[in-house]
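The values are calculated or read from the model by the stated rules, or taken from the named source; none is laboratory data. The shown structure was predicted, so the numbers you read here are calculated from the model rather than taken from an experiment. For neighbour counting, all protein chains shown are included, and Cβ atoms are generated from backbone atoms with ideal geometry for every residue, glycine included. We work out accessible area using only protein heavy atoms, side chains counted, and drop any ligands, DNA or RNA first. Shrake-Rupley method; radii C 1.70, N 1.55, O 1.52, S 1.80 Å.
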Amino acid sequence: MTRAEHVALKGTREGLVLYLDPTADFEVLMKELDKLLKDSVQFLQGASVRCYAGQKEYTEDEHARLETVLREQHLELAGWLTSEEVYVPGKSQSQTTEDKETRLGEEGMMEGSCLFVERTLRSGKSVQFDGHVVVLGDVNPGAEIIATGNIAVLGSLRGVAHAGATGERNATVSAYYLAPTQLRIADLVTRGPEDEADGRGPEIARIKDDQLIVEAAGMNGWRGKAR
Amino acid sequence: MGEVIVVTSGKGGVGKTTTSANIGTGLAAAGHKVVLVDTDIGLRNLDVVMGLENRIVYDLVDVTSGNCRLKQALIKDKRFPNLFLLPAAQTKDKTAVNPEQMRLLAAELKEEFDYAIIDCPAGIEQGFRNAIAGADRAIVVCTPEVSAVRDADRIIGLLEAAELRNPKLIINRIRPAMVKRGDMMDITDILDILAVDLIGVVPEDESIVISTNRGEPAVMDQASQAGEAYRRITSRIQGEEVPLMNLDVPKGIMERMKSLFGLR
Ligand SMILES: Nc1ncnc2c1ncn2[C@@H]1O[C@H](COP(=O)(O)OP(=O)(O)OP(=O)(O)O)[C@@H](O)[C@H]1O
Ligand SMILES: [Mg+2]
C-alpha cells in the first residue's frame with residue numbers, strides 16, 4: 001500500500017481540514033485524495049471539510065473537480081483556509097501548544113479527547129469517534145471501532161479496529177490480546193494473525209517505516225501471567 | 001408468578017424449537033405447569049415436534065388480536081395434563097403481532113403457568129423483538145460453528161440492549177469425536193468470545209431426528225444421549241447444580257458454569 005504523500009486529512013477542534021501540497025501536480029492530488037477518502041469514508045460520512053493549500057490558487061475547473069471528489073464521498077467542501085487560520089508544522093503560530101505537544105510526544109504521551117466504552121462490544125456494534133477510544137472489555141468478531149486517534153482494548157480485540165482514521169500515522173492499536181479480524185492504521189491495512197497463539201500478552205500495533213508492525217507492549221508486570 | 005423464558009439464537013436451524021420442546025416437556029415431567037409458545041409465525045414447527053399438529057383450532061394471532069380467549073387457543077399435550085402449547089399462526093406473517101401485545105400475553109401467561117417457554121424465530125427482526133418482549137430470561141442456542149457463534153454474540157448484545165441480561169448458553173450438536181480430533185470449535189473458545197454462562201451441551205444425536213418425526217421430545221427417551229443432556233438442562237433451569245455429561249469435552253468448563261439459573 002502506498003502512502004498518500006501530498007494530501008492529508010486532519011481532525012482539528014474546528015472540524016476537518018484537508019491539506020493539499022501546493023507544489024504537487026493536481027492529478028496526483030486527485031488520485032491520492034480519492035484513495036484517502038475511500039479508506040476513511042465510513043468515519044467521515046456527512047462531514048464538512050475545509051481545505052488548505054498554502055498560497056496556491058486552483059483554477060475554477062480544478063476547484064469543481066475537488067468539490068466533486070469530496071461530494072462523491074458525501075463530504076462537503078466548506079471553504080478555504082488562509083495560512084493565518086491554519087496550523088502548519090514548523091510555523092511558529094501557537095508556540096505554547098506546539099511546545100507542549102512535542103514534549104508530550106517525546107515522553108510517549110498522547111493528549112486528546114477520549115471515549116471510554118465500559119463494556120464488551122459484541123458482533124454488529126460499531127463505535128466511531130473523533131479522538132481516542134478505550135474499551136474496558138472485549139471487541140468481538142463482527143464489531144468495529146473507528147477512531148481518529150488511538151485505540152486501546154483492555155480485553156481481547158478480535159473485531160475490526162481502525163486507528164488514525166483520518167490519516168494520523170502515529171496512531172496505535174493496543175490490546176491485552178490482539179487478534180483482530182482486520183487492523184488498520186491511517187491508510188495501512190493488515191489482516192489478523194493466522195496463528196491463534198495464546199498467552200502472547202499485551203501487544204501494540206503501529207506504523208514503522210511504512211509498515212504496520214505488532215510488538216509486545218512493554219508491560220513486564222503483565223507478561224507471562226495467565227489469564 | 002411464573003417465569004417467561006425465551007429460547008433464541010440469531011442463526012436459523014441451530015435447535016431452538018428442539019430445545020423449547022425438550023425443556024418444556026422436561027419441566028412438565030418434573031411437575032410444573034408449563035406453556036410452550038411458538039412465535040415463529042408463518043413457519044410454525046413446535047406443534048409438529050410436539051405431535052400436536054392435528055389439534056390446532058386457534059393460534060397466537062387469534063389470541064393477540066382478540067379473536068378468541070387464551071384458554072380456547074391452548075392445546076393440551078398428549079402426555080402431560082400440565083403441559084400446553086400456544087401454536088403460531090401459519091397463514092399470517094410476523095407483523096401480525098407486535099411487542100406490546102406479546103408483553104400483555106406474557107403477563108397473562110405468568111399468572112397461569114410456572115413456566116412459559118417462548119420459541120423464537122431466526123433473525124433479529126420483528127419476530128425476534130416480539131419473542132423477547134415479555135421475557136424474564138433468555139436461553140441462547142448455538143452450534144460449534146463460527147457463524148452460529150457470531151450470530152449468538154449479536155443476539156446477546158441485542159438481549160442486553162433490551163435489558164435481558166445474563167442469558168444462558170446451550171451449545172447444541174457437539175460431536176465428541178470431532179472435538180477430540182480438534183476439528184470442531186472448542187467449547188472454551190466459544191465461551192471465551194461469548195462470555196456468558198453455559199447451561200448445557202447437547203450432543204449431535206440421531207434420536208433427536210427420530211423423536212422429532214414421531215412428535216415425542218427426546219427428553220422422555222431414557223436411552224437418548226441428547227435426551228439426557230436436556231434432562232440435565234431442565235434440572236439446571238430449576239436451580240439444581242448438575243455436572244456436564246461426559247462427552248469428553250475439555251476440562252475447566254464446569255468452573256465456567258458459575259451461576260446456574262437462580263430460581264424462585
Ligand atoms: N442435537 C441434535 N442432533 C441431531 N439433530 C438435531 C439436533 N438438534 C437439532 N437437530 C435437527 O436440526 C434441525 C433444526 O432444528 P430446530 O428446528 O430445532 O432448529 P431451529 O433453531 O428451531 O430452526 P429455525 O431457525 O428454522 O426455527 C431439525 O431437523 C432437528 O431435528
Ligand atoms: Mg424453530
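Miscellaneous remarks
- Signed unit charges on C-beta, dipole axis of chain B, positive-most listed residue B:GLN101, B:ILE174, B:LEU70: B:LEU70
- For the residue pairs A:LYS10/A:LYS35; B:LYS78/B:LYS168; B:LYS92/B:LYS168, the C-alpha atoms sit more than 23 angstrom apart in B:LYS78/B:LYS168; B:LYS92/B:LYS168.
- Reported value for region B:133-251: 124 Å³ per residue, from the convex hull of its C-alpha atoms.
- Computed with every protein chain present, the accessible area of A:HIS63 is close to 60 Å² [probe 1.4 Å].
- Among the residues of B:202-212, the average count of other protein chain beta-carbon atoms within 10 Å of the residue beta-carbon is 0.
- Counting charges near A:ILE146 (Lys, Arg +1; Asp, Glu -1) among other residues having Cβ under 15 Å from its Cβ returns a value of -2.
- Counted by Cβ distance under 13 Å from B:VAL209, the other residues give a net charge of -3, where Lys and Arg count +1 and Asp and Glu count -1.
- Per residue, the convex hull spanned by the Cα atoms of region B:1-156 amounts to 98 cubic angstrom.
- Each peptide in B:180-189, B:162-171 gets a packing score, the mean of other Cβ atoms within 10 Å over its residues, and the list from highest to lowest is B:162-171, B:180-189.
- Candidates per GluC sites (Glu not before Pro) in region A:111-162, loop by DSSP, up to 15 other Cβ within 10 Å: A:GLU111, A:GLU118
- Per-selection Kirkwood Rh - region B:112-194 (Cα, Å, 1 d.p.): 13.9
- Spatial extent of chain B: Rg and Dmax, with the Cα atoms as the point set, Å: 17.2, 55
- The figure for B:VAL219 is an accessible area of roughly 10 square angstrom, using a 1.4 Å probe on the protein chains alone.
- Taking Cβ atoms as reference points and 13 Å as the exclusive limit, the residues near B:ALA89 contribute a net charge of -3, counting Lys and Arg as +1 and Asp and Glu as -1.
- In Å², nearest 10: area of A:SER123 left accessible to a 1.4 Å probe: 10
- Tensor-based shape of region A:114-225 (alpha-carbon gyration tensor, a/c under 1.5 rounded, otherwise prolate or oblate): rounded
- Percent of beta bridges antiparallel (DSSP, region A:114-225, rounded to nearest 5): 35
- Among the trypsin sites (Lys or Arg not before Pro) within region B:24-74, those in coil by DSSP and having at most 15 neighbouring Cβ atoms inside 10 Å are B:ARG69.
- Computed as a quarter of the hull surface, the mean projected area of the alpha carbon convex hull for the protein assembly as shown stands at 28.4 nm².
- Where a label projected 7 Å from the Cα of B:GLU112 along Cα→Cβ would reach, residues of region B:1-43 with amide N under 16 Å: B:1-5, B:33-39
- Loop-located GluC sites (Glu not before Pro) in region B:62-147, at most 14 other Cβ atoms within 10 Å (DSSP): B:GLU125
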